[in-house]
Amino acid sequence: MAIPTSAGIYLYNATNLEEQSSIPVGTPFIAFSPDSRLLATSQLNAVSLWDPATGIQKGELLGDPGDMLWEISFSPDGSLLATVTSNRQVYVWSLADGERQFTLPGDRLRFSPDGELAVTVVYGEIRFTYTKPALVPKRINGTWRMQALPQVGSCGWRMAKPSGLRIQTGT
């Protein structure tokens, strides 16, 4: 269990609530990898990767100079990491080699449950992009319009296809 504060991130054992370690980075933007072996933190132009059991930094992924990196999302298999930048771009990195795989326009990103699609929100549109390197950056199913849902603590979106199929995303 991780508690982000302005003074750092405090990691606790979820069973007995004893503090395990701390990470000296003050940011509200954190995410655990699906296997919980990595904790990602984002801040000005970088994402840091940490071992949550020890609090030791394992790596760093650099954005462009001056970028503020916000939201962080791991792909379901833990092979990709995405961040949203302050200038409405989404960076997607391979965790195998630390290389940026592609950049997409957007202010939100989620991966499909199988990790094969990156779903981005761009100025009120939902876009679907294959995540496999041989297919990037091909967009599939075009771009669909959506309507904003009322905000309840966080942003949410709902999109309707003319056939009535609904896809919902949110944070």
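The values are calculated or read from the model by the stated rules, or taken from the named source; none is laboratory data. Please read all numbers here as calculations on a predicted model, not as lab measurements. As a convention, Cβ positions derive from the backbone with ideal geometry for all residues, glycine included, and neighbour counts pool all protein chains shown.
Go through region 41-69 and report how many residues are within 14 Å of the chain's Cα centre (by Cα), more than 20 Å from Asn13 (Cβ to Cβ) and at pLDDT 85 or above. Quick ask: steps written out before the conclusion?
First, pick out the residues of region 41-69 that are within 14 Å of the chain's Cα centre (by Cα): 41-43, 46-49, 61, 63, 68-69.
Checking the rest, the ones that are also more than 20 Å from Asn13 (Cβ to Cβ) come to 42-43, 46-49, 61, 63, 68-69.
So of that shortlist, the ones also at pLDDT 85 or above come out as 42, 46-49, 61, 63, 68-69.
Within region 41-69, residues that are within 14 Å of the chain's Cα centre (by Cα), more than 20 Å from Asn13 (Cβ to Cβ) and at pLDDT 85 or above number 9.
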Report task. Could you check how many residues of region 3-24 are surrounded by fewer than 18 Cβ atoms within 10 Å (Cβ to Cβ) and either touching a His at 6+ places or on another chain (Cβ under 6 Å) or under 21 Å from Val84 (Cβ atoms) (or both)? Result -> 2
Query raised in the report: Which one is farthest from Leu69 (Cα to Cα) among residues in region 1-59 that are of a type in the set (Phe, Trp, Tyr) and either without any contact (Cβ under 8 Å) to a residue 24 or more places away in the chain or not in a loop (DSSP other than H, G, I, E, B) (or both)?
Result: Tyr12
Query raised in the report: From the residues in region 73-91 that are within 19 Å of Tyr123 (Cα to Cα) and of a type in the set (A, V, I, L, M), which one is farthest from the chain's Cα centre (by Cα)?
Result: Val90
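May I ask you to say which residue of Phe74, Phe29 is under 19 Å from Ala118 (Cα atoms) and of a type in the set (Phe, Trp, Tyr)? If you could, list the steps in order and put the result at the bottom.
Working: Phe29 fails: under 19 Å from Ala118 (Cα atoms).
Going through Phe74, Phe29 in turn, the sole match is Phe74.
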Query raised in the report: Taking region 60-100 on its own, how many of its residues are among the hydroxyl-bearing types (Ser, Thr, Tyr) and in contact (Cβ under 8 Å) with a residue 24 or more places away in the chain?
Result: 5
